[in-house]
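*Asks:* Before I ask anything, let me first share the structure, which is written out below as structure tokens.
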Ligand code: HEM
């Protein structure tokens with residue numbers, strides 16, 4: 001799971017096991033910062049609301065050479081923004097070390113990563129949602145030992161997404 005990063009609660013949560021230190025900076029994977037980085041990376045690659053909520057321009061404006069007339073419906077592609085090579089080195093690689101020493105997280109303070117949107121119409125439930133994701137993830141790791149079947153490689157896992165009110169995995173894991 002996650003390119004070999006985490007496969008059990010031991011790695012996720014226990015600071016005192018031999019498997020505890022996974023991050024390059026020697027921080028135990030189970031500490032608060034590491035959990036935040038994990039949620040950040042998940043939301044970077046798979047924002048559940050990839051096009052955010054549509055905006056409408058209130059007046060003519062120019063954004064980096066693109067003229068946007070007044071009253072234009074504007075969609076912001078958070079999915080693509082989270083994968084822009086101009087912002088991210090190897091964006092699709094699940095490498096949490098990239099966030100060490102970086103101020104970027106999922107809260108929308110940096111436009112390179114906006115899974116909850118940004119600004120005054122950004123998601124008001126960021127803290128609640130992030131806590132629920134962390135809790136769900138922790139319970140999944142606590143209750144199961146995760147492994148791919150039949151010698152399958154994580155690269156063979158179909159991560160294709162399907163659209164709906166929110167995005168979800170197209171092929172189920174079972
Ligand atoms: C992983 C969970 C969630 C994600 C990824 C998410 C993401 C988003 C996004 C991208 C937007 C649009 C922001 C924008 O266009 O700038 C939004 C808006 C909103 N979200 Fe969430 N959300 C989540 C959970 C929740 C939950 C649990 C609630 C309520 C309990 C909630 C309530 C809202 C509301 C009310 C808005 C509209 C805000 C406005 O238009 O002013 N969200 N959310």
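What follows is calculated from the coordinates using simple rules that are stated; it is not laboratory data. The shown structure was predicted, so the numbers you read here are calculated from the model rather than taken from an experiment.
*Asks:* In a Debye calculation with equal point scatterers on the alpha-carbon sites of the range 50-174 and no solvent, what is log10 I(q)/I(0) at q = 0.09, 0.11, 0.22 Å⁻¹?
*Replies:* -0.37, -0.55, -1.61
*Asks:* What is the gain in length, in nm to one decimal, between residue 127 and residue 152 on full extension, counting 0.36 nm per residue of separation less the C-alpha to C-alpha distance?
*Replies:* Roughly 5.5 nm would be gained on extension.
*Asks:* Here is a follow-up. How long is the gain from residue 77 to residue 172 if the chain were fully straight, where each residue apart is worth 0.36 nm and the alpha carbon distance is subtracted?
*Replies:* Extending this stretch completely gives an extra 31.7 nm.
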